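The next block holds one structure in the form of structure tokens; read it before the comments.
The values are calculated or read from the model by the stated rules, or taken from the named source; none is laboratory data. Just so we're clear, the structure is a prediction, and the values are computed from it rather than from any experiment. Neighbour counts are summed over all protein chains in view; Cβ atoms, including those assigned to glycine, are modelled from backbone coordinates with ideal geometry. To get the accessible areas, we keep the full protein, side chains included, count just its heavy atoms, and leave off ligands, DNA and RNA. Shrake-Rupley method; radii C 1.70, N 1.55, O 1.52, S 1.80 Å.
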Amino acid sequence: RAASGGAGPGGAAGVGADAEEEAERRELEELLRRAEGARRQHRAWAEVPPGLELDRSDLACPGGLRKVSELLQQRSYSCMLEALDIVEELRDAQGWKEALESPLLDRLEAEGLRQRAEHKMGVGCCGEAIWSCLQRALSLAPLRADLYVLRASCRLRSHWPPRGVPPREIPPPSEAAGSDARSALHDCEEAIDREPECAEAFHLALPLLFAWGELGAAERLARRGMIGVSDPGWVAWFQVEHEYAKELRLGLDRAQAMLTAEESKPPEARNPEALDRFLRHLLERAGRRLELPIRKRIEGLQQSIAHMVRVREARAYITGTKQDAQWEDAYTVLYR
């Protein structure tokens, strides 16, 4: 691959590779441990679906929790509104006081609010979906990963409709779009911590990291998806993203090391053409997808190479047959 190899002596490169492999091994072990713990927690929370753990007191309450559960399972807008109306009645202190401390009612209300938020997002009211539905839903069911994913989708779609896919470069955090994108990434991380198999969270988060040019973070997240998600299709996509991020990260690190080595040499001994060929090959490997922040880094390295070439041409012109008589022309060559 273009990113393989090292810039230093063979022994030092071998030691560095061994250290990197050991660090990756330890990181994989930690990710496996965290993923298994989150799976156990998620299974414990979701082992009894809503509506199947009702007792006699539930059936005797005004409206009945079973009715709420049946309405929510219809997945229709009118049934969802009716279910939320019943929940509001149950929350009323004049009715069933125990409803104020009912974990099951919390879960049912959170599901109703989730369905309502999906409807609002579908009609373009993303901000209202967050503040009138999802904030309350997350306070009722903080372990539900899908609520965090839905809030992240609302944040992104509010700025980049209709699918919420950001461009190749995201505005800085000082702007509303950049701030919401960071918040969406945090929501995705919260979802993954709660449910390691939440492929939708990885699917939303990885393009954000690439759009920011954070290749190391994208590489780690893609590796985490390869470990946590069991679906073969998603795993194949995570492998592609992981290889892309890793190759670019190692390639840019190597290019920077090569540039530093060239700058440390005397001007007459520099050979920036090798670095230029390496960068061109890296651009070819990235293809049309290359995100703008990463392209800017490569262009910055190419500008440094071009300056080295101009300096070398100017020195060669100055030390030629006309020598010091052409200083003005040499200055023009250097800064043209």
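Screening the stretch 184-234 for residues that are open to solvent by less than 20 Å² (accessible area, probe 1.4 Å) and of a type in the set (Val, Ile, Thr) and picking the one that is modelled with the lowest pLDDT gives Val229. Would you say Ala255 is of a type in the set (A, V, I, L, M, F, W, C) and at pLDDT below 90? In short, no. Any residue in the stretch 302-316 that's surrounded by 13 or more Cβ atoms within 10 Å (Cβ to Cβ): show its pairings with residues that are aromatic (Phe, Trp, Tyr) at Cβ separation under 8 Å, as long as the two are six or more apart or on different chains. From residues that are surrounded by 13 or more Cβ atoms within 10 Å (Cβ to Cβ), the pairs are Arg310/Tyr335; Ala314/Tyr331.
One line per residue, one yes/no per condition, for (1) over 24 Å from Leu208 (Cβ atoms); (2) touching a Ser or Thr at 6+ places or on another chain (Cβ under 6 Å); (3) of a type in the set (A, V, I, L, M); (4) crowded, with 17+ Cβ neighbours inside 10 Å:
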site	(1), (2), (3), (4)
Ala255	yes, no, yes, yes
Glu284	yes, no, no, no
Leu290	no, no, yes, yes
Ile294	no, no, yes, yes
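One residue stands out among those in the stretch 170-183 that are part of a helix (DSSP H, G or I) and not charged (D, E, K, R): the one that is surrounded by the most Cβ atoms within 10 Å (Cβ to Cβ), which is Ala181. Among the residues making up the stretch 250-278, those that are over 18 Å from Lys296 (Cα atoms) and of a type in the set (Asp, Glu) are Glu262, Glu263, Glu268, Glu273.
Does the stretch 153-169 contain any residue that is touching an Asp or Glu at 6+ places or on another chain (Cβ under 6 Å), crowded, with 23+ Cβ neighbours inside 10 Å and part of a helix (DSSP H, G or I)? For the stretch 153-169, residues touching an Asp or Glu at 6+ places or on another chain (Cβ under 6 Å), crowded, with 23+ Cβ neighbours inside 10 Å and part of a helix (DSSP H, G or I): present. Scan Leu147, Leu138, Leu84, Leu65 and give me the residue that is at pLDDT 90 or above and crowded, with 23+ Cβ neighbours inside 10 Å. Criteria check complete, one pass: Leu147.
When you check Gly178 against the structure, is it free of Cβ contacts under 8 Å to residues at least 12 places away in the same chain and within 27 Å of Lys120 (Cα to Cα), yes or no?
yes
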